[in-house]
């Protein structure tokens, strides 16, 4: 029999690419990761890694074994979830990850409702960007992930549901320099731009929008905190492209305008297909979908008022 723990170490190395990264994820030392893989090589009788320059990479045999390990992990997860369903109780943990704006706009309501309905169901939350969430989901680190369609993912191996559309809006100083109502991106070719530096995908999306209008944005700030971005907009330093979920808890003297034509990103919830028997994950997913429906309906009403 192959040691299951050593297979998990091999899967982590395959996913994360280095011994050090795998060690961090597994709360081990890099030397311990290397040792576990060497022991696994002894079990299967072939080399699973080889040196390529300064880095260790998987051999063809290592890649093949990772494929089997992924299948085994999926079967194990489905078996455990099925047995728990027979218990009929909602007791245990579900780990969900979400990108920051969705984490603040959707998860508080979802988790509060879950606690009221299933007090013994513990929901763990990680604040991750979509590309990090997809990797964590595939690695079995999280059970559910909130992601969006601005990131070009291949998701064929996951169960994915669309839960709402989040409008992308222009944030401008609240003064007469900017016309009220929907704004065409080309109208802002002479503006200074502020970027949400926590999401590279917004950077790429902004450049794509501006390129369609025939100009390159003059970027004067990259901020990892949306409050800093909005404070700079309020002070007249520049304009910013954000989403309505970004603005939920912020109170700044700024103007928010739809784009012309309107632009949206689709928010999705993803899970591993092997988790489908889990009634615990079902419960969390249902709560997230319900909270998202409430959130996006409110955003639609606010947009109509503006």
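What follows draws every value from the coordinates through simple rules; no lab data is involved. Since the structure is predicted, the reported quantities are computational estimates derived from the model, not experimental observations. Here the Cβ is made from the backbone with ideal geometry for all residues, glycine too, and neighbour counts use every protein chain on show.
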Subject >> Antiparallel bridge percentage (DSSP; both residues within the range 166-263; nearest 5) >> reply: 55 percent
Original post:
Which of the peptides 156-165, 101-110 is most tightly packed, and how do the rest follow, going by the mean number of other Cβ atoms within 10 Å of each residue?
Top reply: 101-110, 156-165
Original post:
In which sequence would 296, 99, 27, 215 go, from the one with the fewest C-beta neighbours within 10 Å to the one with the most?
Top reply: 27, 215, 296, 99
Original post:
Restricting attention to the alpha-carbon atoms of the range 4-82, what are Rg (one decimal) and Dmax (integer), both in Å?
Top reply: 12.6, 45
Original post:
Quick one: helix 279-305 against the long Cα principal axis of the chain, what's the angle to the nearest 10°, folded into 0 to 90?
Top reply: 10 degrees
**OP:** Could you tell me how many degrees, from 0 to 90 and to the nearest 10, lie between the Cα long axis of helix 4-16 and the main elongation axis, the longest principal axis, of the Cα atoms of the chain?
**Re:** 40 degrees
Subject >> Degrees between helix 30-44 axis and first principal axis of the chain (Cα, 0 to 90, nearest 10) >> reply: 50 degrees
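Given 0.36 nm per residue, what is the gain on full extension from residue 302 to residue 85 after removing their alpha carbon distance, in nm?
Stretched fully, the residue 302-residue 85 segment lengthens by 74.1 nm.
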Original post:
Taking springs between alpha-carbon atoms closer than 10 angstrom, which of 243, 275, 29 fluctuates most in the Gaussian network model of the chain?
Top reply: 29
Subject >> Within a Gaussian network of the chain (alpha carbon springs, distance under 10 Å), most fluctuating of 257, 274, 213 >> reply: 213
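Rounded to the nearest 5, what is the percent of antiparallel bridges among the DSSP beta bridges in the range 27-161? Present the calculation step by step, with values, prior to reporting the outcome.
On the way: 4 of 14 bridges.
The antiparallel proportion sits near 30 percent.
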Original post:
If you bin every alpha carbon distance in the chain into 20 Å steps from zero, what whole percent lands in each bin?
Top reply: 29, 48, 23, 1
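Kirkwood hydrodynamic radius, computed over distinct alpha-carbon pairs, for the range 60-169: how many Å, to one decimal?
Details: mean 1/r = 0.0628 Å⁻¹.
Here the Kirkwood hydrodynamic radius works out to 15.9 Å.
Counting only DSSP beta bridges with both residues in the chain, what percent are antiparallel, rounded to the nearest 5?
Details: 27 of 45 bridges.
Antiparallel: roughly 60 percent of the beta bridges in the chain.
First measure r as the distance between the Cβ atoms of residue 39 and residue 93, then evaluate 1/(1 + (r/R0)^6) with R0 = 35 Å and state the FRET efficiency to the nearest 0.05.
On the way: r = 30 Å, r/R0 = 0.85.
Working from the Cβ atoms, E equals 0.75.
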Original post:
Label points 7 Å out from Cα along the Cβ direction at residue 266 and residue 18: separation in nm?
Top reply: 3.6 nm
Original post:
Rounded to whole Å and sorted largest first, what semi-axes of the equivalent ellipsoid does the C-alpha gyration tensor of the range 238-284 yield via the square root of 5 times each eigenvalue?
Top reply: 36, 14, 8
**OP:** Please give, to one decimal in nm, the separation of the simple spin-label points placed at residue 113 and residue 31, each 7 Å out from Cα toward the Cβ.
**Re:** 5.1 nm
